[in-house]
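Below: one structure, written as structure tokens.
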Amino acid sequence: MGNEKRFVIKPLEEYFKDPNRSGAHWKIKYQPRCEKSATGWDLQVERKNQILLIEGKYFKGSFLSSFAGLIASPLANRPQKMKTKKYRSWCADICWAIGPGYGGNIYQILFDYIQRNIKFWQAYSKTLKVKYIFFVSGKKVAKIRFNQLINIALEYKDSLSKLSRDGLKTKREIANQIMKNFKFA
């Protein structure tokens with residue numbers, strides 16, 4: 001079992017199986033058998049009139065290559081697993097699942113990327129139906145709407161512009177402070 005499955009997908013499965021944590025009764029419909037050669041989504045969960053197609057990444061090495069995989073996931077020719085021959089259902093939404101392999105610094109890096117081109121990310125979210133980002137830390141999961149993350153990146157950008165000093169440590173402190181408002185369940 002690879003790091004992505006062990007540290008991101010398995011805790012996310014447990015999150016969806018527990019209605020007290022996820023807020024609804026979800027059914028896990030699909031998960032690829034082989035990690036490396038699978039062409040589908042990492043996880044597909046369903047409930048009435050809502051399907052979440054989840055692409056998970058565990059950020060241990062290069063951030064850019066893993067982040068590029070997340071960005072390209074809705075563009076890849078990966079149909080949803082269902083009985084009909086349709087490509088995707090009208091009620092399917094795409095989600096990202098992120099497991100920060102090197103601590104909470106992932107927030108600062110993610111905010112830096114998003115705040116550079118807010119209009120792109122707003123169009124990306126609307127056009128490709130990217131709905132949630134799940135942050136997985138240990139056995140805990142935090143669910144944030146993608147549009148809400150864009151607004152948080154704007155808040156992060158405003159906080160940086162108000163500071164006279166600029167440095168990586170300051171950026172990380174601001175990003176971690178902003179993300180403390182979100183609870184891991």
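Figures for the structure shown
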read-out: Residue that is farthest from CYS91 (Cα to Cα) [pool: residues in the range 49-75 that are in contact with a Gly (Cβ under 6 Å, 6 or more places away or on another chain) and surrounded by fewer than 21 Cβ atoms within 10 Å (Cβ to Cβ)]; value: LYS60
read-out: Test: ILE118 is in contact with a Leu (Cβ under 9 Å, 6 or more places away or on another chain) and surrounded by fewer than 15 Cβ atoms within 10 Å (Cβ to Cβ); value: yes
read-out: Filter pass, GLU4 being touching a strand residue (DSSP E or B) at 6+ places or on another chain (Cβ under 7 Å), at pLDDT below 90, under 15 Å from ALA97 (Cα atoms) and not in a loop (DSSP other than H, G, I, E, B); value: yes
read-out: Single unsatisfied condition, ILE114 versus (1) at pLDDT below 75; (2) among the aliphatic types (A, V, I, L, M); (3) farther than 21 Å from GLU4 by Cα; value: (1)
read-out: Hey, LYS169 modelled with pLDDT of 90 or more, part of a helix (DSSP H, G or I) and basic (Lys, Arg) or not; value: no
read-out: Residue that is closer than 24 Å to THR127 by Cα, modelled with pLDDT under 85, crowded, with 18+ Cβ neighbours inside 10 Å and of a type in the set (S, T, N, Q), where the choices are GLN80, GLN44, GLN31; value: GLN80
read-out: Every residue from the range 96-127 that is touching a strand residue (DSSP E or B) at 6+ places or on another chain (Cβ under 9 Å) and more than 20 Å from SER65 (Cβ to Cβ); value: GLY104, SER125
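The values are calculated or read from the model by the stated rules, or taken from the named source; none is laboratory data. No experiment lies behind these values; they were computed from the predicted model shown. All Cβ positions, even for glycine, are placed from backbone atoms using ideal geometry, and neighbour counts span all protein chains on display.
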